[in-house]
1. Cross-link candidates for K266: which aspartates and glutamates have Cα within less than 12 Å, leaving aside residues fewer than 8 places away along the same chain?
2. Going by a ≥ b ≥ c, the root eigenvalues of the Cα gyration tensor, does region 236-285 fall in the rounded group (a/c under 1.5), the prolate group (a/b larger than b/c) or the oblate group?
3. At most 14 other Cβ atoms within 10 Å and a DSSP loop assignment: could you name the trypsin sites (Lys or Arg not before Pro) in region 160-199 that fit?
4. Residue by residue, what Karplus-based ³J(HN,Hα) values in Hz, rounded to whole numbers, does region 281-289 have, using 6.51, -1.76 and 1.60 with θ = phi - 60° and x for Gly and Pro?
5. Using Cα-only point scatterers and the Debye equation, what is log10 of I(q)/I(0) for region 1-159 at each q in 0.09 Å⁻¹, rounded to two decimals?
6. Can you put S409, S57, S387 in order of Cβ neighbours within 10 angstrom, beginning with the fewest?
7. Can you give me the orientation-averaged projected area of the convex hull built on the Cα atoms of region 145-197, in nm²?
8. Order of 259-271, 348-360 by packing, highest average Cβ count within 10 Å first?
Amino acid sequence: MPAAVLIGAQWGDEGKGKATDLLGSRLDYVVKFNGGNNAGHTVVIGDEKYALHLLPSGILTPGVTPVIGNGVVVDVEVLFEELEGLEARSVDVSKLRISANAHLITQYHRTLDKVTERFLGKRQIGTTGRGIGPAYADKINRVGIRMQDLFDENILRQKVEGALDQKNHLLVKVYNRRAIGVDEVVDELLGYVERLRPMVTDTSLLLHRALDAGETVLFEGGQATMLDVDHGTYPFVTSSNATSGGAVTGSGIAPNRIDRVIAVVKAYTTRVGAGPFPTELFDEWGDFLTEQGHEFGTTTGRRRRTGWYDAPIARYASRINGVTDFVLTKLDVLTGIDRIPVAVAYDVDGQRFDEVPVSQSDFHHAKPIYEEFPGWTEDISGAREFSDLPANAQSYVRELEAMSGSRISAIGVGPGRDEIVTLHDLLG
Ligand code: GDP
Ligand code: IMO
Ligand code: MG
C-alpha cells in the first residue's frame, strides 16, 4: 500500500503529528504538501516531547526521508532553527529534501501579515503572524520567490525587486511603515544558498520514482479541512488547500496514485483564531475540555476554543477528502463526563440542516442539535484493544462512526506514542 494522505478533519490540532509518528516505522517518505510554519505538531516519544512547525513529523523516525513539497511556503530562517533544534537532540535530519518549486516566506511577508491583521480590526482572522497569507498571495499573484530562484542571483534580484516595488508603496503609503530595501532581502536570502543546495531538488520526480519502486509515502497535511481556503469557513481559513486534493497539487503526485485517505478527528472540537464554530462552549464544559485536553496552541500558545463533537463536520470532511479511515483522538479527555453531547445536525433560523450549509450566513447562524450519549469514569489510557474500553466508551465511538461517514480505524487514548487502540490497519 504505497501512498496515503493524512489530513485534519476539523479546525486543526487533531493530533496529526502523533498519527504520522505512529505510522513512522512503516514509512519511507513523509511529505508536507501545504502550509508552512503556521502548523504546530506535538509528538511525544517516551519522556521526550517535540514541537514541529515547518518540518513534516516523519522527520523524527529514523530511516524516513522527509520531504517539503512544492505546495509549502518555507521560511528558511525558521527551517534552519528547527533543523538545529532537532540536531541538538540527535535527530538525523540529513535526508530532508525540499521542492525547487516551493515558495519562500521572506521578511516582507511576515510584516504584511501583521499589518494587514491590524488593519482588519474586528474582522481579523487571528492568523499565526508567520507571513503565510501574504506568501501564498504572492504565489497566486505570480510575484513569489521560489527555492530555485535562490540559485541564480540575477533572477533572484529581479524577482525581489518586482515584489518589493508594489509592496513598498503599500507599506509606506497605506500602512505607514518603512520601505524594505532590495539588497537587505537579497543578501539575507543569498546567505542561505550553500546550506540549502543539497536539500533542494525535483521532489515530484523523487516521489514518483519512490512509488514506482514500491516504497511507502505518507502525505501529511498541515491545518485541516475547515481551514482549507476553498472548502473551509472562508475567510476564516488559512491560505492553502489543507484537504486531500492539496496533497496532489502540493506534491506533483497524481490522484490515481493515492490509495488511502486518513483523517484525524478529535473526540470533541477545537479551533484557534476567529471564525464560526457552532458547537463552541462558553461554560464550564468549555473550560473542562481546555484543561483536560491541554488545549493551548503549539505555535502561538493561544488558548484554543473548545466545543462538542460536530458530526456534520466529520461527514463533510469525509466527503470532501474521500476519507477511508478516521483516527479518533483524545477520547481519554472525555473521561468523567456523565452525558456527552454530540451535534447531529444544525438548526438554522428554525430550519434543520443535516449537512454543513453552503451559505456562510447559514453557517454563522447554525445552532447545534444535540444528542447525548452516556459517558464513563474509568481511566482509559491503558486500553490497547477496543474491548479494553468501557462499554459506554465503545458505544460512543460506534455512534460517532455511524454519523461520520467513514470507519474509525484507530482511537487515541493519551498523548504517548503507544497510547492508541487500533481497529483496522491504516496502511494495510
Ligand atoms: P496536530 O497539529 O494535528 O499535529 O496536533 P497538535 O500537536 O497541535 O495538538 C494535538 C495535541 O494532542 C498534542 O499535544 C498531542 O500530544 C496530543 N494528543 C494527540 N493524541 C492524543 C490523545 O489521543 N489523547 C491525548 N490526551 N492527547 C493527545
Ligand atoms: P496544525 O497543522 C490550528 C489558523 C490560525 C488562523 C487561521 C489563519 O497545527 O493543525 P494563518 O497563519 O495560517 O494565515 O492563520 O488558521 N491556523 C491553525 N489553527 N492549527 C493549525 O495548524 C493552524 N494553522 C493555521 O489560527 O485562525
Ligand atoms: Mg497543531
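1. Here the aspartates and glutamates satisfying the reach criterion relative to K266 are D13, E14, E295, D310, D332.
2. Working: a/c = 5.05, a/b = 2.15, b/c = 2.35.
It is oblate, given that a/c is not under 1.5 and a/b is not larger than b/c.
3. Working: sites: K167, K173, R177, R178, R195; in loops: R177, R178.
Those satisfying the criteria are R178.
4. For region 281-289, the Karplus curve yields 10, 10, 10, 5, 5, x, 5, 4, 5 Hz.
5. -0.32
6. Values: S409 20, S57 28, S387 9.
In increasing order of surrounding Cβ atoms, one gets S387, S409, S57.
7. On the way: hull surface 14.2 nm².
For region 145-197, the mean projected area of the Cα convex hull comes to 3.6 nm².
8. Values: 259-271: 25.4, 348-360: 12.5.
Listed from highest to lowest mean packing, they are 259-271, 348-360.
Every number in this text was worked out from the coordinates using simple rules, so none of it is lab data. As the structure is a computational prediction, the values presented were derived from the model and not from experiment. Note that we place each Cβ from the backbone using ideal geometry, even for glycine, and neighbour counts take in every protein chain shown.
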